[in-house]
Amino acid sequence: MVYTGGGLSSKIPVESTSSSSSRNLGLVVAMTQKHRPPHVLTVAGSDSGAGAGIQADLKACAALGVYCSTVITAVTAQNTVGVQGVNAVAEDFVEAQLRSVLSDMQVDVVKTGMLPSIGVVEILCKSLKEFPVQALVVDPVMVSTSGDVLADSSILVGFRGELFPMADIVTPNLKEASALLGGVELKTVADMHFAAKAIHDLGPRNVLIKGGDLPASLDAVDVFFDGENCYELRASRINTRNTHGTGCTLASCIAAELAKGSLMLPAVQVAKRFVESALDYSKDIVIGSGPQGPLDHFLKLKSSVNSSSRGAAFNPSSLLLYAVTDSGMTKKWSRSMTDVVKAAIEGGATIIQLREKDVETREFMELAKACGEICRSRGIPLVINDRIDIALACGADGVHVGQSDMPTRVARALLGPEKIIGVSCKTVEQALQAWADGADYIGCGGVFPTSTKANNLTIGLDGLKTVCLASKLPVVAIGGIGIGNALSVMDIGAPNLKGVAVVSALFDRECVSSETRKLSDLLSTAK
Ligand SMILES: Nc1ncnc2c1ncn2[C@@H]1O[C@H](COP(=O)(O)OP(=O)(O)O)[C@@H](O)[C@H]1O
Ligand SMILES: Cc1ncc(COP(=O)(O)O)c(N)n1
Ligand SMILES: [Mg+2]
């Protein structure tokens, strides 16, 4: 099965260290040439709207950690409404681009998209014979999702006669599969099985019939045929207008995985999962006014909370009234955590920290998600105490860690540059270390004795001031702070002391919102 043996793969010069199976070639290359990243060359059209074509291919490969070079076959004027114009690149210049890349850059896998003329197909096949690569992924693009023609039917001859027999996989959508088979109707998953087998007869080693255009009531089912077995690959259908570019993305992801050394079926499965989650992450973005928005390949790198509630950088003024939740108190007063968070924000809390010491992971996640939605809709950052995994999974704005939790440097590496990281510090050394390790703020205390934390050393206002004056980061004071002493804390005379963090003073009270409001009003009078 897959792209091993025969066809293009057999033309790869086999290195002396290589095993006899070209299936392992990617691995061997990765081991013997440590500094050469896996490399996909896409031969496709440019989409000015950047949802499909070359732009989608670049983004998909980048998202999967694979280098992507580009041969541009056509430039399209395209947006979310449709294709307004196509300007094919002169054939001899497509050839020049192919030669430039293939003769120099050690391409692992070639992926094709829009090939606007039979002449381009011929040039491509000739180039691939001169410069063989490990695998060829052919996305037989003919019509855009908007219904505009990107290659006329004369291209079918080139596909059938020359390109398909060289291909390790071809990935037609329903319309393209139908055109390849002379116009047969393809409407059901059973029809897709038939089409996969019939297109396999045209020469490619594997076929994937894409079911994005199946009725909306069905799962997004694709049918994969490797010459022996037919597999139905299922994903839940994401309800979104942002499906422009899914086909290009899928094919590029397959190419990227093959370039890393994957077998064909696993490569297709990874690609399908990538498309499904990219669609899910970008289902609500609004780009353009037409019926077909682009999916966003990188959205999952940002968090959903992050993208709408935070600006580009952490704003230290959000530390002013820092509310730290406590499930014990919430239970004691028979309240739900989400109501408590809503009440605190209503009363003027400027940041929420979810601090759950005793709940199961699953429950913590659900809670974090629900609180994340509340915070996001109100423009208030949410940080999670201790649990980097929960923060990542629920798309929180960041975490707050203590001295015995995950080291700040590691947390920063996991969370990336944009998330908020706060660190509890009692000493100047800890504060300087937090800064060096990439924290955004420090929590300093316990300033006063507190019942919330057992055996917690109290550092007093003097200790707080010492740490603040040495700290290069903004500080929020914590520990036994409430309405009675908040102003004495804010008045210590340290410009980087940005606020107070409170637990009992808000949450162990009869009315959370009014207690928060009182403290908020008081803090607004601080110098
Ligand atoms: N709404 C959706 N939800 C989940 N997956 C989808 C959705 N629409 C398309 N896909 C998947 O995206 C990939 C591209 O499919 P398709 O849209 O049929 O191709 P093309 O973009 O070439 O027309 C397939 O794996 C398909 O199952
Ligand atoms: C340059 C170019 N290449 C390919 C497609 C197909 O993508 P889709 O089927 O998602 O419209 C496109 N619209 N534009
Ligand atoms: Mg599509």
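The values are calculated or read from the model by the stated rules, or taken from the named source; none is laboratory data. Worth saying up front: this structure is predicted, and the values here are computed from it rather than measured. Every residue, glycine among them, receives a Cβ derived from its backbone with ideal geometry; neighbour counts consider all protein chains shown.
Return the residues of the range 208-249 that are within 15 Å of ligand 3 (Cβ to nearest atom) and assigned to a strand (DSSP E or B); say none if nothing qualifies.
Across the range 208-249, the qualifying residues are 208, 209, 210, 220, 221, 222, 235, 244.
Please tell me if residue 197 is in a helix (DSSP H, G or I), charged (D, E, K, R) and more than 14 Å from ligand 2 (Cβ to nearest atom).
yes
Tell me whether the range 393-413 contains one or more residues that are under 25 Å from residue 482 (Cβ atoms) and more than 26 Å from the chain's Cα centre (by Cα).
Checked the range 393-413: at least one residue is under 25 Å from residue 482 (Cβ atoms) and more than 26 Å from the chain's Cα centre (by Cα).
Kindly state which strands (runs of 3 or more DSSP E) lie completely within the range 35-136 and contain at least 1 residues that are in contact with a helix residue (DSSP H, G or I) (Cβ under 9 Å, 6 or more places away or on another chain) and within 16 Å of ligand 1 (Cβ to nearest atom).
Fully inside the range 35-136 and qualifying: 39-47, 67-78, 109-112.
So residue 216 passes all but one of these: (1) over 17 Å from the mean Cα position of the chain (by Cα); (2) surrounded by fewer than 19 Cβ atoms within 10 Å (Cβ to Cβ); (3) closer than 20 Å to residue 79 by Cα. Which condition number does it fail?
Only one criterion is unmet by residue 216, namely (3).
For every residue, the table says whether it meets (1) among the aliphatic types (A, V, I, L, M); (2) within 13 Å of ligand 2 (Cβ to nearest atom).
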| position | (1), (2) |
| --- | --- |
| 108 | no, no |
| 113 | no, yes |
| 118 | yes, no |
| 123 | yes, no |
| 143 | yes, yes |
| 156 | yes, no |
| 166 | yes, no |
| 170 | yes, no |
| 179 | yes, no |
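Specify which of the listed residues (457, 473, 432) is assigned to a loop (DSSP other than H, G, I, E, B), within 35 Å of the chain's Cα centre (by Cα) and either assigned by TED's automatic domain parsing to the domain that holds residue 349 or touching a residue at least 60 places away in the same chain (Cβ under 8 Å) (or both).
Unique residue meeting the criteria: 473.
Would you confirm whether or not the range 64-78 contains a residue that is at pLDDT below 95, out of contact with any Pro (no Cβ under 8 Å at 6 or more places or on another chain) and within 21 Å of residue 35 (Cα to Cα)?
Looking for residues that are at pLDDT below 95, out of contact with any Pro (no Cβ under 8 Å at 6 or more places or on another chain) and within 21 Å of residue 35 (Cα to Cα), one finds at least one in the range 64-78, hence yes.
If residue 196 satisfies every condition in (1) near ligand 1 (Cβ under 10 Å from one of its atoms); (2) of a type in the set (A, V, I, L, M); (3) modelled with pLDDT of 95 or more but one, which is the exception?
Condition (1) is where residue 196 drops out.
Residues checked against (1) charged (D, E, K, R); (2) within 30 Å of residue 289 (Cα to Cα):
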position	(1), (2)
65	no, no
84	no, yes
89	no, yes
95	yes, no
98	no, no
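Any idea how many residues of the range 138-169 are within 16 Å of ligand 3 (Cβ to nearest atom) and either without any contact (Cβ under 8 Å) to a residue 12 or more places away in the chain or not charged (D, E, K, R) (or both)?
11
Counting just the residues of the range 170-207 that are farther than 21 Å from residue 115 by Cβ, more than 16 Å from ligand 3 (Cβ to nearest atom) and hydrophobic (A, V, I, L, M, F, W, C), which one comes out surrounded by the most Cβ atoms within 10 Å (Cβ to Cβ)?
Among those residues, the one meeting the criterion is 196.
Among the candidates 291, 266, single out the residue that is within 13 Å of ligand 2 (Cβ to nearest atom) and over 17 Å from residue 59 (Cβ atoms).
Result of the check over 291, 266: 291.
Take residue 499 and decide whether it is in contact with a Gly (Cβ under 9 Å, 6 or more places away or on another chain), among the small types (Gly, Ala, Ser) and either buried (at least 18 other Cβ atoms within 10 Å of the Cβ) or closer than 18 Å to residue 355 by Cβ (or both).
Answer is no for this residue.
Give the residue that is surrounded by the fewest Cβ atoms within 10 Å (Cβ to Cβ), with candidates limited to residues of the range 271-298 that are touching a residue at least 24 places away in the same chain (Cβ under 8 Å) and in a helix (DSSP H, G or I).
Within the range 271-298, the match that is surrounded by the fewest Cβ atoms within 10 Å (Cβ to Cβ) is 273.
Could you tell me whether the range 246-258 includes any residue that is within 16 Å of ligand 2 (Cβ to nearest atom), within 25 Å of residue 59 (Cβ to Cβ) and touching a Ser or Thr at 6+ places or on another chain (Cβ under 6 Å)?
Checking the range 246-258: at least one residue is within 16 Å of ligand 2 (Cβ to nearest atom), within 25 Å of residue 59 (Cβ to Cβ) and touching a Ser or Thr at 6+ places or on another chain (Cβ under 6 Å).
Which pairs turn up if I take residues in the range 222-251 that are at positive phi and look for partners that are near ligand 1 (Cβ under 8 Å from one of its atoms) and assigned to a loop (DSSP other than H, G, I, E, B) with beta carbon separation below 9 Å, at least 6 apart in sequence or on another chain?
Short answer, once both residue conditions are applied: 245/52; 245/145.
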